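Report on one structure; see the data block that follows.
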């Protein structure tokens, strides 16, 4: 189990929105599994969740998914 603050929870829920409803639970579980045992900062959460979102949408994760995120929370 990972602990998320309100902003992090909002971010992960925003990234789950484009997924089909039946995929959202699997998305959340997969993100949590990848972050288990790690310190969860905003940047790490964003990179992991975005890569998982792209994977589940059938898009190949890009190098940018793992690099170049400043750690700031990206809100649209």
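The values are calculated or read from the model by the stated rules, or taken from the named source; none is laboratory data. Because the structure is predicted, anything quoted here is derived from the model rather than measured. A quick note on method: Cβ atoms are made from the backbone with ideal geometry, for glycine too, and the neighbour counts reach across all protein chains shown.
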Taking the stretch 23-40 and keeping residues at pLDDT below 90 and either within 18 Å of residue 7 (Cα to Cα) or in contact with a helix residue (DSSP H, G or I) (Cβ under 9 Å, 6 or more places away or on another chain) (or both) leaves 38, 39, 40
Subset of the stretch 55-65, residues surrounded by fewer than 16 Cβ atoms within 10 Å (Cβ to Cβ) and at pLDDT 90 or above, comes to 55, 57
For the stretch 1-30, the count of residues that are farther than 18 Å from residue 58 by Cα, outside any helix (DSSP H, G or I) and without any contact (Cβ under 8 Å) to a residue 40 or more places away in the chain equals 4
> Before we move on, is residue 19 more than 10 Å from the chain's Cα centre (by Cα), at pLDDT below 95 and under 16 Å from residue 55 (Cα atoms)?
Replying inline: yes
Practice item. Test residue 33 against the stated conditions and say whether it is surrounded by fewer than 20 Cβ atoms within 10 Å (Cβ to Cβ), in contact (Cβ under 8 Å) with a residue 24 or more places away in the chain and in a helix (DSSP H, G or I). Key: no
